[in-house]
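Novice: Let me give you the structure first, and then I'll get to my questions.
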Amino acid sequence: MRELTYVAKRTVEWREAPDPTLRSGREAIVAPVAATPCDVDSSILAGHGFIEPPFALGHECVARVVETGDAVTAVAPGDLVVVPWSINCGTCDRCRAGLTAHCTAVPYMAMYGAPIGGRRGGLFSDLVRVPYADAMLVPLPAGLDPVAMASASDNWSLAWRLVAPHLKARPGARVLVVARGSIGLYVCDIARALGASEVLYVDPDPEHRTLARTFGAATAETLEPVPQSFDIAVEATGRVEQLALALKCLTPEAICESAGNHFRPGELPLLDMYLTGVTLRIARDSVRAHIPDALALAASGTVAPEKVVSHVIDWEDLPAALPEKHLKPVFVRADE
Ligand SMILES: [Zn+2]
Ligand SMILES: [Zn+2]
């Protein structure tokens with residue numbers, strides 16, 4: 001089989017690898033049918049990552065189950081499933097507490113699409129081994145399109161986590177979104193669907209802003225901080241100075257969520273944060289715990305994640321098309 005491998009800045013290529021095989025009864029082999037780059041993959045492709053290539057890329061996909069071990073009961077060959085970006089066992093204390101990105105049964109930060117905590121391959125591969133099939137895989141609800149939900153492995157479900165619980169605690173809150181890619185647009189969609197009274201989306205990209213307006217958001221190219229204007233802020237730019245600006249816009253005891261991946265250092269306005277009383281949450285997302293909630297919202301028909309899909313591209317075109325700068329291209333297998 002082939003693995004799409006990141007080899008150098010703006011360069012990926014197919015590399016041959018042995019077909020994965022079941023190593024225990026708890027495993028499954030899956031074949032991605034719709035896969036898409038995470039927003040952080042754009043940074044990696046642009047050369048801003050911190051891991052030396054080569055490595056297999058990709059950690060967002062809907063896949064078809066090809067083979068399952070004897071002990072697997074939750075999925076069967078032929079099922080369409082969401083494959084979470086991080087590897088988790090489902091039975092350790094952390095997993096049972098919902099902290100699936102911090103599973104203690106696997107090396108620290110074990111994930112697809114980056115060789116951290118071992119090499120697990122990427123989800124832009126022809127076949128993928130899933131070590132804990134029952135714990136990890138989430139069946140795609142009937143009626144949901146694999147292309148629209150390819151991002152449920154990470155960015156869509158992360159966006160749900162960044163805003164949904166906070167809107168539940170603060171009904172009708174005003175939401176500020178400072179972003180650069182799919183995560184922020186998904187947040188706009190979800191925030192509007194869950195009753196935000198106001199959403200402001202800040203992004204220098206005019207096409208992204210146009211899309212945000214279709215989700216009912218007001219938009220701005222840059223953020224001019226106005227104190228006490230938002231109850232919830234979401235930053236998904238990977239830039240510390242943008243996080244700092246967002247933090248200056250908040251009401252007392254507001255919540256600011258950051259999607260992280262700040263590869264360069266910077267300063268935060270800690271005195272402003274202290275005086276306002278701000279909770280800043282910046283966390284690698286334990287996505288497996290809330291993929292079902294994020295899929296349920298998608299299935300409710302009140303949101304439109306398919307609008308963020310910018311291009312649908314054939315799987316065979318991955319090496320040429322992935323390094324191009326697109327908002328959210330989804331790569332699909334022709335035989336599906
Ligand atoms: Zn990601
Ligand atoms: Zn675990």
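Novice: Which ranges mark the helices (runs of 4 or more DSSP H) fully within the range 265-336 that have 3 or more residues being open to solvent by less than 30 Å² (accessible area, probe 1.4 Å)? First the steps, then the outcome.
Specialist: Numbers: elements: 270-276, 291-299, 318-321.
Qualifying helices (runs of 4 or more DSSP H): 291-299.
Novice: Here's another thing I want to ask about it. Would you check which residues across the range 246-265 are closer than 19 Å to D39 by Cβ and at pLDDT 95 or above and list them? Talk me through it step by step, then tell me what you get.
Specialist: The initial filter retains those residues of the range 246-265 that are closer than 19 Å to D39 by Cβ, namely 246, 256-264.
Of everything in the range 246-265, those that are closer than 19 Å to D39 by Cβ and at pLDDT 95 or above turn out to be A246, C256, E257, S258, A259.
Novice: Can you give me the ranges of the strands (runs of 3 or more DSSP E) entirely in the range 1-84 with at least 1 residues that are polar (S, T, N, Q) and surrounded by 21 or more Cβ atoms within 10 Å (Cβ to Cβ)? Step through it out loud before you land on a result.
Specialist: Numbers: elements: 2-8, 11-16, 28-35, 61-68, 80-83.
Filter on the range 1-84 gives 2-8, 61-68.
Novice: Separate question: Could you please tell me which pairs satisfy a Cβ distance under 7 Å, a separation of 6+ or placement on different chains, a first residue in the range 203-231 that is in the same structural domain as L185 (by TED's automatic domain parsing) and under 18 Å from P269 (Cβ atoms), and a second residue that is open to solvent by 30 Å² or more (accessible area, probe 1.4 Å) and assigned to a helix (DSSP H, G or I)?
Specialist: L223/L245; P225/L245
Novice: Check whether at least one residue in the range 97-119 is open to solvent by 50 Å² or more (accessible area, probe 1.4 Å) and either acidic (D, E) or closer than 17 Å to P53 by Cβ (or both), and report yes or no. Give the derivation first.
Specialist: Residues of the range 97-119 open to solvent by 50 Å² or more (accessible area, probe 1.4 Å): 97, 99, 102, 104-105, 107-108, 119.
With the extra rule that they be either acidic (D, E) or closer than 17 Å to P53 by Cβ (or both), the set shrinks to 119.
The answer is yes, given that some residue of the range 97-119 is open to solvent by 50 Å² or more (accessible area, probe 1.4 Å) and either acidic (D, E) or closer than 17 Å to P53 by Cβ (or both).
Novice: Now for a different question. Before we move on, is V177 of a type in the set (A, V, I, L, M, F, W, C), surrounded by 19 or more Cβ atoms within 10 Å (Cβ to Cβ) and within 20 Å of the chain's Cα centre (by Cα)?
Specialist: Values: of a type in the set (A, V, I, L, M, F, W, C): yes; surrounded by 19 or more Cβ atoms within 10 Å (Cβ to Cβ): yes; within 20 Å of the chain's Cα centre (by Cα): yes.
Against the criterion (of a type in the set (A, V, I, L, M, F, W, C), surrounded by 19 or more Cβ atoms within 10 Å (Cβ to Cβ) and within 20 Å of the chain's Cα centre (by Cα)), V177 qualifies.
Novice: Okay, moving on. Where the second residue is in a loop (DSSP other than H, G, I, E, B) and away from ligand 2 (no atom under 16 Å from the Cβ) and the first is hydroxyl-bearing (S, T, Y) and lies in the range 28-45, which pairs have Cβ atoms under 7 Å and are six or more apart or on separate chains?
Specialist: T36/E60; T36/K328; S42/G181; S43/G49; S43/G238; S43/N261; S43/F263
Novice: Would you pick out the residues in the range 14-33 that are under 22 Å from V332 (Cβ atoms) and either among the small types (G, A, S) or under 23 Å from the mean Cα position of the chain (by Cα) (or both)?
Specialist: A17, A28, I29, V30, A31, P32, V33
Novice: Of the conditions (1) open to solvent by 10 Å² or more (accessible area, probe 1.4 Å); (2) touching a strand residue (DSSP E or B) at 6+ places or on another chain (Cβ under 9 Å); (3) closer than 30 Å to E224 by Cα; (4) not aromatic (F, W, Y), P204 fails just one. Which one is it?
Specialist: With respect to (1) open to solvent by 10 Å² or more (accessible area, probe 1.4 Å); (2) touching a strand residue (DSSP E or B) at 6+ places or on another chain (Cβ under 9 Å); (3) closer than 30 Å to E224 by Cα; (4) not aromatic (F, W, Y), P204 is out only on (2).
Novice: Among what's in the range 85-96 and is of a type outside the set (S, T, N, Q), farther than 22 Å from A148 by Cβ and touching a helix residue (DSSP H, G or I) at 6+ places or on another chain (Cβ under 6 Å), pick the residue that is least open to solvent (accessible area, probe 1.4 Å).
Specialist: Selected residue: C89.
Novice: Return the residue satisfying two criteria in turn: it lies in the range 66-104 and is hydroxyl-bearing (S, T, Y) and closer than 16 Å to V287 by Cβ, and of such residues it is farthest from ligand 1 (Cβ to nearest atom). Full working, then the answer.
Specialist: Step one: filter the range 66-104 for residues hydroxyl-bearing (S, T, Y), giving 68, 73, 86, 91, 100, 104.
Subset that is closer than 16 Å to V287 by Cβ: 86, 100.
Details: S86: 9, T100: 14 Å.
That would be T100.
Novice: Ok, one more. Mind checking which pairs have a first residue in the range 77-98 that is free of Cβ contacts under 8 Å to residues at least 60 places away in the same chain and β-branched (V, I, T) and a second that is within 16 Å of ligand 1 (Cβ to nearest atom) and part of a loop (DSSP other than H, G, I, E, B), Cβ under 8 Å, 6 or more apart or different chains?
Specialist: I87/A110; I87/Y112; I87/G117; I87/R120
Novice: Could you say whether any residue in the range 236-259 is part of a helix (DSSP H, G or I), touching a residue at least 60 places away in the same chain (Cβ under 8 Å) and within 17 Å of A148 (Cα to Cα)? Reasoning before the result, please.
Specialist: We begin by selecting, within the range 236-259, every residue part of a helix (DSSP H, G or I); these are 240-247.
Next cut, touching a residue at least 60 places away in the same chain (Cβ under 8 Å) only: 242-243, 245-246.
Remaining after also requiring within 17 Å of A148 (Cα to Cα): none.
No, because not a single residue in the range 236-259 is part of a helix (DSSP H, G or I), touching a residue at least 60 places away in the same chain (Cβ under 8 Å) and within 17 Å of A148 (Cα to Cα).
The values are calculated or read from the model by the stated rules, or taken from the named source; none is laboratory data. Everything numeric in this text was worked out from a predicted model, so none of it was measured. Note that we place each Cβ from the backbone using ideal geometry, even for glycine, and neighbour counts take in every protein chain shown. What goes into the accessible areas is simple: the full protein's heavy atoms, side chains included, and nothing from ligands, DNA or RNA. Shrake-Rupley method; radii C 1.70, N 1.55, O 1.52, S 1.80 Å.
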